[in-house]
């Protein structure tokens, strides 16, 4: 059995869709635990409407997404576990395919697939890389995970015993708590990629999310970097490889990208150049050049550097016409 844990805070508008995506699974051997993180709206009531005995709603005082995930982890009865955000949804075959891979591959602590990004109104984000072209590392992914943090926890199933061995997520981190968790998980076992199609997760991009509001400032990323850089297990696995420098460069590059997408161009340029100085790569040089050209033309040339106000405005206009 697999446990789907859905941490939920003020998600009354979305929670029923997340739960419905679990109810629609081709696999029937699952339980779903919705952890209401002190919501003051109707999140808990809406999550309870399915009347399916496999769906449980438990409540806690507001303590953040990591604490909610950890409560779900403690309550889980499944051999495997997946953490699904309340505004996201699963492909109908996700649980069947992920559990089959973990059943087959006893050396794997996690199995994962691809993700589709959707705008706040549910429409696909324009310009995404086609699923068939999405390629991920498989096996020992620690070096790639440290440098790129390439997974959303909603697109991966994990052995529950392994997640408990790690004591779940670090509740003191406000950003990149899932990246830090995945790095620790990659230290103790292999990750298996189940293939690009169909996708596993539909991830909703919300313009007003707390994560987006925090992600543009360096100081908000430092607790994550400190937790990563002070991890003795990672240091023992990757000693002498410059991994601390590489992970800092990745955070700085993402800061540059986020600020660019928010049209804060001087900050974006500064962070991107610092990342290039720490970890120069051909891809980053190319994207930096594209960013400068995009700024001059006042239009995005690649999806990774898409101005967020275009998506926000598009969602708003479509919402008015519905």
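Key figures for this structure:
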| quantity | calculated |
| --- | --- |
| Subset tally (residues that are within 24 Å of the chain's Cα centre (by Cα) and either exposed (fewer than 12 other Cβ atoms within 10 Å of the Cβ) or assigned by TED's automatic domain parsing to the domain that holds residue 150 (or both)) for segment 251-298 | 1 |
| Conditions (1) over 23 Å from the mean Cα position of the chain (by Cα); (2) not in a loop (DSSP other than H, G, I, E, B): number failed by residue 301 | (2) |
| Residues located in segment 126-149, provided they are touching a helix residue (DSSP H, G or I) at 6+ places or on another chain (Cβ under 8 Å), under 19 Å from residue 200 (Cβ atoms) and crowded, with 17+ Cβ neighbours inside 10 Å | 141, 145, 148, 149 |
| Subset of segment 36-53 [part of a helix (DSSP H, G or I) and closer than 10 Å to residue 10 by Cβ] | 43 |
| Tally, over segment 7-31, of residues that are in a helix (DSSP H, G or I) and without any contact (Cβ under 8 Å) to a residue 24 or more places away in the chain | 0 |
| One residue from 199, 239 being outside any helix (DSSP H, G or I) and not assigned by TED's automatic domain parsing to the domain that holds residue 141 | 239 |
| Residue count, segment 72-116 (criterion: assigned to a strand (DSSP E or B) and more than 18 Å from residue 16 (Cα to Cα)) | 9 |
| Residues within segment 260-277 that are modelled with pLDDT under 95 and assigned to a helix (DSSP H, G or I), tallied | 1 |
| Residue ID - surrounded by the fewest Cβ atoms within 10 Å (Cβ to Cβ), chosen from residues in segment 150-169 that are part of a loop (DSSP other than H, G, I, E, B) and either without any contact (Cβ under 8 Å) to a residue 12 or more places away in the chain or more than 9 Å from the chain's Cα centre (by Cα) (or both) | 167 |
| So residue 167, is it closer than 14 Å to residue 115 by Cα and not assigned by TED's automatic domain parsing to the domain that holds residue 279 | no |
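The values are calculated or read from the model by the stated rules, or taken from the named source; none is laboratory data. Please read these numbers as outputs of a predicted model, since none were measured by experiment. Here Cβ is always computed from backbone atoms with ideal geometry, including for glycine, and neighbour counts include all displayed protein chains.
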